[in-house]
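Notes follow once the structure below has been shown.
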Amino acid sequence: QVQLVESGGGLVQPGGSLRLSCAASGFTFSRYHMKWYRQVSGKEREWVAVITTGGTTNYPDSVKGRFTISRDNVKHTVYLQMNSLKPEDTAVYYCRAEIGLDDYWGQGTQVTVSS
C-alpha cells in the first residue's frame with residue numbers, strides 16, 4: 001500500500017525558512033521521480049519542484065533560487081528546503097508519486113508565511 005506522509009509545515013515570518021519532509025512507503029522509492037506541489041484554497045494545485053531518480057531537479061520560476069528539493073533513498077524520504085519565504089508561498093504543500101498509471105498524493109502540510 002503506497003503511502004506518502006508530509007510533515008514540517010508551520011507558521012514562519014517572511015524571509016524565514018522551513019524544511020518539509022515526505023516519507024514514502026509501499027513502493028520502491030528510488031525508482032520513481034518525486035514532486036512537490038502546493039495549493040491555495042480555491043485555486044488550482046501548483047507544481048513547485050521535481051527530483052528525478054538520478055537526482056536532477058527542476059523548479060518553476062516562482063520558487064527557483066529559493067526552494068531546494070532533495071531525496072534520501074535510504075530513508076525513502078523527499079525533502080523541500082524553502083528559504084526566503086514570502087507571504088505568497090502560503091499554501092498546503094503536497095508530495096506526489098506517479099507510479100505506472102497510478103497517481104499518489106500525501107495528505108498535505110500547511111505552510112503559512114506571515115508576520
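The values are calculated or read from the model by the stated rules, or taken from the named source; none is laboratory data. All values reported here derive from a predicted model rather than from experimental measurement. FYI the Cβ positions are ideal-geometry reconstructions off the backbone, even for glycines, and counts take in every protein chain you see. Quick note on the areas: whole protein, heavy atoms, side chains included, nothing else; ligands and nucleic acids left out. Shrake-Rupley method; radii C 1.70, N 1.55, O 1.52, S 1.80 Å.
If you go through region 16-56, how many residues are among the aromatic types (Phe, Trp, Tyr) and under 25 Å from THR90 (Cα atoms)? Lay out the reasoning, then the answer.
Going residue by residue through region 16-56, those that are among the aromatic types (Phe, Trp, Tyr) are 27, 29, 32, 36-37, 47.
Checking which are under 25 Å from THR90 (Cα atoms) leaves us with 36-37, 47.
Going through region 16-56 one residue at a time, the tally reaches 3.
Condition test on ASP103, is it among the charged types (D, E, K, R) and assigned to a loop (DSSP other than H, G, I, E, B)? Let's see the steps before the verdict.
Values: among the charged types (D, E, K, R): yes; assigned to a loop (DSSP other than H, G, I, E, B): no.
Taking the combined requirement at face value, the residue does not satisfy it.
Taking region 7-16 as the search range and keeping residues that are touching a strand residue (DSSP E or B) at 6+ places or on another chain (Cβ under 6 Å) and closer than 17 Å to THR68 by Cα, which one is surrounded by the fewest Cβ atoms within 10 Å (Cβ to Cβ)?
For region 7-16, the residue satisfying everything is SER7.
For the structure I just gave you, tell me whether VAL63 is open to solvent by less than 20 Å² (accessible area, probe 1.4 Å), at pLDDT 95 or above, within 14 Å of VAL113 (Cβ to Cβ) and not basic (Lys, Arg). Steps first, please.
Working: open to solvent by less than 20 Å² (accessible area, probe 1.4 Å): yes; at pLDDT 95 or above: yes; within 14 Å of VAL113 (Cβ to Cβ): yes; not basic (Lys, Arg): yes.
Taking the combined requirement at face value, the residue satisfies it.
Of (1) in a strand (DSSP E or B); (2) of a type outside the set (Phe, Trp, Tyr); (3) open to solvent by 20 Å² or more (accessible area, probe 1.4 Å); (4) touching a Lys or Arg at 6+ places or on another chain (Cβ under 8 Å), ALA49 satisfies all except one. Which?
Only one criterion in (1) in a strand (DSSP E or B); (2) of a type outside the set (Phe, Trp, Tyr); (3) open to solvent by 20 Å² or more (accessible area, probe 1.4 Å); (4) touching a Lys or Arg at 6+ places or on another chain (Cβ under 8 Å) is unmet by ALA49, namely (3).
Could you list all residues from region 69-94 that are β-branched (Val, Ile, Thr), assigned to a strand (DSSP E or B) and more than 15 Å from ARG38 (Cβ to Cβ)? Let's see the steps before the verdict.
Within region 69-94, the subset β-branched (Val, Ile, Thr) is 69, 74, 77-78, 90, 92.
Now restrict to residues that are assigned to a strand (DSSP E or B): 69, 77-78, 92.
Of everything in region 69-94, just one residue is β-branched (Val, Ile, Thr), assigned to a strand (DSSP E or B) and more than 15 Å from ARG38 (Cβ to Cβ), namely THR77.
Scan region 69-115 for residues that are within 10 Å of the chain's Cα centre (by Cα) and free of Cβ contacts under 8 Å to residues at least 24 places away in the same chain and report the count.
1
Name every residue in region 22-31 that is buried (at least 20 other Cβ atoms within 10 Å of the Cβ) and among the aromatic types (Phe, Trp, Tyr), in order of residue number. Steps first, please.
Step one: list which residues in region 22-31 are buried (at least 20 other Cβ atoms within 10 Å of the Cβ), which gives 22, 24, 29.
Across region 22-31, the qualifying residue is only PHE29.
Collect the residues in region 66-91 that are over 28 Å from SER25 (Cα atoms), open to solvent by 40 Å² or more (accessible area, probe 1.4 Å) and either in contact with a Pro (Cβ under 7 Å, 6 or more places away or on another chain) or not small (Gly, Ala, Ser) (or both), keeping them in residue-number order.
LYS86, PRO87, GLU88, listed by residue number.
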